[in-house]
Amino acid sequence: MAREIRLAVAGVGNTAATFLQGILRYGPNPHESGLWHPEVGGYAVEDLVLVGAFDIRSEKVGMDLSVAAFTPPNVVPRYVPLRRLGVEVSPGILLDPLPDAVSGETKMDKDGIEGIIGTLQRCKADVLVNLISSGLDRTSRAYAEVALKAGCNFVNATPSPLVSEATLVEKFHSSGLVIVGDDLMTQLGGTAFHRGILGFMTRRGVNLVRSYQLDVGGGEETLNTLNENVKAAKRQVKTAAISSEVPYAFDTVAGTTDYVDYLGDRRTSYFWIEGEGFLREPVRIDIYLKTSDGANAGNILLDVTRGVQASRDRGTYGAPNDLCGYGFKSPPRAVGIEQSTARFLERYIKPEGERSSELR
């Protein structure tokens, strides 16, 4: 019988608020519509228990997580009625310049990194999920070190390059811990959708010539992404992820282009794709996709948080590419979206007796 997985989150934003609601909805209702994988690595959703949370916004620090999840600037819908959880949001850390989009007073742990380590150890967290804003690379790196010293697995949902850092991954491996990332690839967000279309066209023998993806969204994360340095980094990660789906070079660009406040947690992604078929006859696709950022992240976060603990249980440490390739845009080794999903299902969803021998 699998034991519980004790989770802590860094960054109580829109994604954390939706993730929390997903745990509360699907824990007691694993067969309700919308849940992708009721069990991962022997763990059900009800085995996920939130025990800690960190944020730097003074209006969230000290509040119960159930209240902080809906405190502005969060704009996620209320999908389920939330009871008081008894989890108080603790002050976090910030080692980078504050994003332009963040206004108001901030509150950091007075003991810095050591204070965060102590909090994680006291709440006996198994997994720390990094959901802070994009562009805070030094802070994300510090949270990874905090997890390492506290004895926690680490999930890096941000684009900060951590699993590509061999020295850091080796530290997790030698400590018997798991780190996965980088940059969460949501269930059916722009990157996953774009990759899926390109892969399908390639398998059907269409020669791809060029494509682009433009995203417009609301919410603080989109606003942060308009910072030129963050925008450039995100574009590089998304473009590389999309390019990895095609076995030859072609012109493609993907990234956030604008922020519209009234969209809230919602996003519209535009895609334009050009290829050539028989006799070089042009094939063109012009389409848009409307989604909710927080809800789109929910199933993947439920899967990878259970997957990292299952990996640790089985003695697979460091940055397992079957998890990184499945859940993130920038894994250690690029893998096609269908192949990475198939490997995840093989390793974490199939019963032990049905798995391929090389994955046991």
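Bear in mind these aren't lab numbers, they're just calculated from the coordinates by the rules spelled out. As the structure is a prediction and not an experimental result, all values here were calculated from the model. Positions of Cβ are generated from backbone atoms using ideal geometry, with glycine treated the same way; all protein chains shown enter the neighbour counts.
A cut-off under 10 angstrom between Cβ atoms defines the neighbours of Ile113, and their net charge, with Lys, Arg +1 and Asp, Glu -1, is -3. Ranking Phe200, Ala240, Val155 by Cα position along the charge dipole of the range 150-248, where only Lys, Arg, Asp and Glu carry charges on their C-beta atoms, puts Phe200 farthest toward the positive end. Once the Cα atoms are used to define both axes, helix 190-203 deviates from the longest principal axis of the chain by about 30 degrees. Going from the fewest other Cβ atoms within 10 Å to the most, the residues Asp109, Asp96, Asp313, Asp265 appear in the order Asp313, Asp96, Asp109, Asp265. Think of the chain as a dipole: +1 on every Lys or Arg Cβ, -1 on every Asp or Glu Cβ, centred on the Cα centre; then among Tyr26, Val51, Leu120, Tyr26 lies furthest on the positive end.
The charge dipole of the range 239-279, taken about its Cα centre with unit charges on the Cβ of Lys, Arg, Asp and Glu (plus for the first two, minus for the last two), comes to roughly 120 debye. Helix 228-243 axis versus longest C-alpha principal axis of the chain: approximately 60°, rounded to the nearest ten. Using only side-chain charges placed at the Cβ, +1 for Lys and Arg and -1 for Asp and Glu, the dipole size of the chain relative to its Cα centre rounds to 460 debye. Between Glu228 and Glu59, the modelled labels are 3.0 nm apart [label points 7 Å from Cα along Cα→Cβ]. Full extension of the segment from Glu281 to Val253, taken as 0.36 nm per residue of separation minus the current Cα-Cα distance, would add 7.8 nm. Exposure proxy shown here: for Arg203, Arg235, Arg314, the number of other Cβ atoms within 10 Å sets the order, fewest to most, as Arg203, Arg314, Arg235. The count of lysine pairs in the chain with alpha-carbon distances below 29 Å, taking only pairs 8 or more places apart or on different chains, stands at 29.
Using Cβ counts within 10 Å as a stand-in for footprinting exposure, how do Met63, Met185 rank, fewest first? Write down the numbers at each step before the final one.
Details: Met63 18, Met185 26.
Neighbour counts put them in this order, fewest first: Met63, Met185.
Only helical runs count toward this figure. For the chain, summing -39,500 (n - 2.57) over DSSP H runs of n ≥ 4 and dividing by all residues gives -10500 deg cm²/dmol at 222 nm.
Here the Kirkwood formula, the inverse mean of 1/r across different C-alpha pairs, assigns the range 190-292 a hydrodynamic radius of 14.2 Å.
For the peptides 150-161, 29-40, 333-344, residues were scored by their other Cβ atoms within 10 Å and the scores averaged per peptide; the highest-first order is 150-161, 333-344, 29-40.
Report, in whole Å, the centroid distance computed from the Cα atoms of the range 210-234 and the range 138-169. The range 210-234 and the range 138-169 have Cα centres spaced 23 Å from each other.
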